[in-house]
1. Could you grab me the full set of residues in the stretch A:79-99 that are surrounded by 24 or more Cβ atoms within 10 Å (Cβ to Cβ), facing another protein chain (nearest Cβ under 7 Å) and assigned to a helix (DSSP H, G or I)?
2. Please find, among B:Arg52, B:Arg20, the residue that is under 23 Å from B:Glu170 (Cα atoms), within 12 Å of chain A (Cβ to nearest Cβ) and more than 22 Å from the chain's Cα centre (by Cα).
3. For A:Gly138, are the conditions met, namely being part of a strand (DSSP E or B) and surrounded by 24 or more Cβ atoms within 10 Å (Cβ to Cβ)?
4. Answer yes if at least one residue in the stretch B:118-134 is within 21 Å of the chain's Cα centre (by Cα), within 14 Å of another protein chain (Cβ to nearest Cβ) and modelled with pLDDT of 95 or more, and no otherwise.
5. Any chance you could count how many residues in the stretch A:318-345 are in a loop (DSSP other than H, G, I, E, B) and either at positive phi or of a type outside the set (Gly, Ala, Ser) (or both)?
6. Can you find a residue in the stretch B:142-157 that is touching a Ser or Thr at 6+ places or on another chain (Cβ under 7 Å), in contact (Cβ under 8 Å) with a residue 24 or more places away in the chain and surrounded by fewer than 16 Cβ atoms within 10 Å (Cβ to Cβ)?
7. For the stretch A:55-78: of the residues being of a type in the set (Gly, Ala, Ser) and crowded, with 20+ Cβ neighbours inside 10 Å, which is farthest from the other protein chains (Cβ to nearest Cβ)?
8. Right, B:Arg143: assigned to a loop (DSSP other than H, G, I, E, B) and within 11 Å of chain A (Cβ to nearest Cβ) or not?
Protein chains: 2
Amino acid sequence: MPLLVQKYGGTSVGDPERIRAVADHVARTRRGGSEVVVVVSAMGRSTDDLLRLASEVSTSQPPRELDMLLTAGERISMALVCMALSGLGVEAVSFTGSQAGIITDSTHTKAKIVEVRGDRLREALGAGKVPVVAGFQGVSTERDVTTLGRGGSDTTAVALAAVLGASACEIYTDVPGVFSADPRVVPEARRIGRLSFEEMLDIAASGGRVLALRSVEFARNHHVPLHVRSSFTWEPGTWVQEEDPSMEQAVVTAVTHDVSEAKVTVARVPDRPGIAARLFRALAEAHVNVDTIVQNTSVEGTTDISFTVPRDDLALSMEVARGLAPELGSGEVTSDSAIAKVSLVGAGMRSNPGVSATMFEVLASEGVNIEMISTSSIRISCVVREDAVERAVRALHEAFDLER
Amino acid sequence: MPLLVQKYGGTSVGDPERIRAVADHVARTRRGGSEVVVVVSAMGRSTDDLLRLASEVSTSQPPRELDMLLTAGERISMALVCMALSGLGVEAVSFTGSQAGIITDSTHTKAKIVEVRGDRLREALGAGKVPVVAGFQGVSTERDVTTLGRGGSDTTAVALAAVLGASACEIYTDVPGVFSADPRVVPEARRIGRLSFEEMLDIAASGGRVLALRSVEFARNHHVPLHVRSSFTWEPGTWVQEEDPSMEQAVVTAVTHDVSEAKVTVARVPDRPGIAARLFRALAEAHVNVDTIVQNTSVEGTTDISFTVPRDDLALSMEVARGLAPELGSGEVTSDSAIAKVSLVGAGMRSNPGVSATMFEVLASEGVNIEMISTSSIRISCVVREDAVERAVRALHEAFDLER
């Protein structure tokens, strides 16, 4: 019998009615002839509620205790999903991350999976039961409760699909799939039926919010086909899987944008070997997730280095860069939060070198100034003013004819 | 350094402010020169909230999943208590029942502790940290999450105090201790400074709500002194410990009452050996907790058997008794929910045989009719009409001079 891992996000289990709808869909999937392993997130806004409670109690929140607190959320949703399944006559058994054998390192609040022991899940499947697993959580090699950080439940689902040899991992969410642009910005945006892992990675990295980067990487590395779809319509959504070399690729698949970053510029950096390495090593050690980096050819022995970071990390990044300035012999360190990034993603770009030129022309004709550019083999990203980004997205979506 | 186990009930950790007050008290206790292990219940009404959520999801609530659901509650409160302690500069570590080594049998929703492995707690204490343990929960020998049923957090605290060799187990609650009668019924009721385990057992068994019977039994069997006190006033409360044979005992220590039971009467039971055994074995197998049993001398070869059961178990008890009636050859089975039990408890009763006579006289002078009587060596209980019970309690409290 084929095995499906079905992951349900917070909105999909947001209230008793939604939970019953999820149970109903799981029961149907089983009647359709598949074994099912369910992975659930915490209900709706319950994680936010717990965080607010914690901040009312204390400003001191040791990461180990934060993990203990937050893992209460999935415990509730998975028990409720099991009860709903039981009400439909489907025997279900809930498993915490620890019980499901999700072993992680000890980096609380953003632990990495080091091993998945699926024996209790296999046992439950063998007994004809539906295992319902808490997403987002694991147990460390020190026997402490850990959480996997952002997108953690998707990662749990993909890891279980890989270990259990599932035919696919279905990611149920509140949108019908991955779109050619954010439908709130481009009403004509269409659902993409199929994407390669590489395209999905670049979409996730450049602002697409549907899947977390990390879970897509995991799926690609373990060859787990993903199916992103809606738990509200239950319609087929977007498949993310290995590239099919026999098919011609669309040149551009999606326009993405991201307004969550800020830009830091370190002026007049001496053009000597090792300077950039020193700066970005220090940022990495401070756990700042640096995205785009741009360094120009030097003029008169110095250059300006600009990079983007999540706005939440801006203060920390400034502190690190300013602290290093004397050692580096660099000039002023400035920041700019009013930026945004707009990107084109498409596997067909590899064999179509004119895409970037077209992109720059479209932005120019809209009067959108480009502040930074970075490219990968299947993506082009431009940093622009934040207040221009939606105009840029709409113009690019239309210019590359993505609504058909 | 002496070790104290401090257990905080739901109202004691009911909101962020209460949680900070608890942390403050724990920190003071440490500064006072004691090691502390904290045991917490779920916050305030959170267990009720979870149960309501479950009933909105499904009428089918497998006990294993109910346990998984309810144990989310302590997870939240213990993480928050650790954060509050951390905010005061006290290093604290939370432990689930499983992590604390509370091993139980597999009877979900009312598991029994079969073993306590305190090694992680000892390790934390050795490292100068305060272990904060989830009350009410454990892990079964089948590796499933279990709960200990009513009074479970008290039982957790007493079990840990026994295993860790604590000098006492402090039970913090929202009342200042054990009273000579329910202060809502008898405003003159006074706090009792000291009780023997036996007296506390009889008080708990006859309606005193402050401590669950089971945790008192556990404390007596393991010689753990209990100190029941308020987390609102932090004043000394009621000590419950071994009887001190050198002291003269009060004849009557407390008047208790209980309105949570109902009476079942099986009429015209044939007076043959084995009949009562058959009836009460069947009730035990249905997990009905039978309290008082009264059987009168038979008249003309038959007798009436009456017994009291928790009102929640009344329907089940009636079903069992009626189902057995043909086999037993008994007559009608009737029930009465409008009853209440009033009891006198006191270790000094053993050497004061006149107490029951006085009790019956006091009730008679108040016009309170006695429907059933049962006695132990240190307790006398009378079943009366529910609407007469508060009058009975006040009259007895005054007659036995308990307000001094």
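1. Hits for the stretch A:79-99 are A:Ala79, A:Leu80, A:Cys82, A:Met83, A:Ala84.
2. Working: B:Arg52 fails: under 23 Å from B:Glu170 (Cα atoms).
Unique residue meeting the criteria: B:Arg20.
3. In short, yes.
4. yes
5. Final tally of qualifying residues: 2.
6. yes
7. The qualifying residue farthest from the other protein chains (Cβ to nearest Cβ) is A:Ser77.
8. Values: assigned to a loop (DSSP other than H, G, I, E, B): yes; within 11 Å of chain A (Cβ to nearest Cβ): yes.
When the stated conditions are applied, B:Arg143 passes them.
The values are calculated or read from the model by the stated rules, or taken from the named source; none is laboratory data. The shown structure was predicted, so the numbers you read here are calculated from the model rather than taken from an experiment. Neighbour counts run over all protein chains shown; Cβ positions are idealised from the backbone, glycine included.
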